[in-house]
1. Subtract the Cα-Cα distance of Asp124 and Ser86 from 0.36 nm times their separation in residues, and report this length gain in nm to one decimal.
2. Would you mind working out the magnitude of the charge dipole of the chain relative to its Cα centre, with +1 at each Lys and Arg C-beta and -1 at each Asp and Glu C-beta, to the nearest 20 Debye?
3. Excluding the sites themselves, what is the longest stretch of the chain that contains no trypsin sites (Lys or Arg not before Pro) in a DSSP loop with at most 13 other C-beta atoms within 10 Å?
4. Stretched out fully, how many nm does the piece from Val106 to Lys5 gain, at 0.36 nm a residue minus the Cα gap?
5. GNM on the chain, C-alpha springs below 10 Å: top fluctuator among Ile105, Ile113, Ile67?
6. What percent do you get for the relative contact order of the chain when only Cα pairs under 8 Å and 6+ apart count?
7. Give me the number: length gained by fully extending Ala98 to Phe73, i.e. 0.36 nm times residue separation minus the C-alpha to C-alpha distance, one decimal in nm.
8. Can you compute 3J(HN,Hα) from phi for each residue in the stretch 8-13, using the Karplus curve 6.51 cos²θ - 1.76 cosθ + 1.60 with θ = phi - 60°, rounded to whole Hz and x for Gly and Pro?
Amino acid sequence: MSSTKPCVLAVDDAPDVLKSVFHELHYLYTVFTLPKPEMLKSFLMKTTPDLFLLDYNMPVLSGFDLIPIIRSFEKHKNTPIVFLTSEGTIDNLSVAVALGASDFIVKPFDPNILREKIAKALHDH
């Protein structure tokens, strides 16, 4: 039986953040979590998320580094991207938007804001 719930992929190097995201979203969405950003490309060969939730600051590849990888897939040219960041400055936001992000959420996140911003990004898409 296939799920009709939208699929959200959270990429963050902090296991506690991924656990929180899953806990807050799993009853509304099909949630995948990826602790290693360098695994994104192979993950996208198998799965098609409806929204990406990306940590900004990670080792190896930052959330900004992941945007061109995501956009290199034809089916993800316009998929919404929301940043999860502890560095919620205007500079970061403007760079994220310029690179194609829909929105950003500051960590530690408020669960209601997380759900609202994801719902809005999916709806606007």
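1. Here the answer is 11.2 nm.
2. Charge dipole of the chain: 460 debye, to the nearest 20.
3. For trypsin sites (Lys or Arg not before Pro) (loop position, at most 13 other Cβ atoms within 10 Å), the longest site-free span of the chain is 78-125.
4. This chain segment gains 33.9 nm when fully extended.
5. With Cα springs under 10 Å in the chain, the top fluctuation among Ile105, Ile113, Ile67 is at Ile113.
6. In percent, rounded to a whole number, it is 22.
7. 7.2 nm
8. For the stretch 8-13, the Karplus-derived couplings read 10, 10, 9, 10, 7, 7 Hz, x marking Gly and Pro.
Laboratory data are not the source of any read-out in this text; all were calculated from the coordinates shown. Bear in mind the structure is a predicted one, so any value in this text is a computation, not a measurement. As a convention, Cβ positions derive from the backbone with ideal geometry for all residues, glycine included, and neighbour counts pool all protein chains shown.
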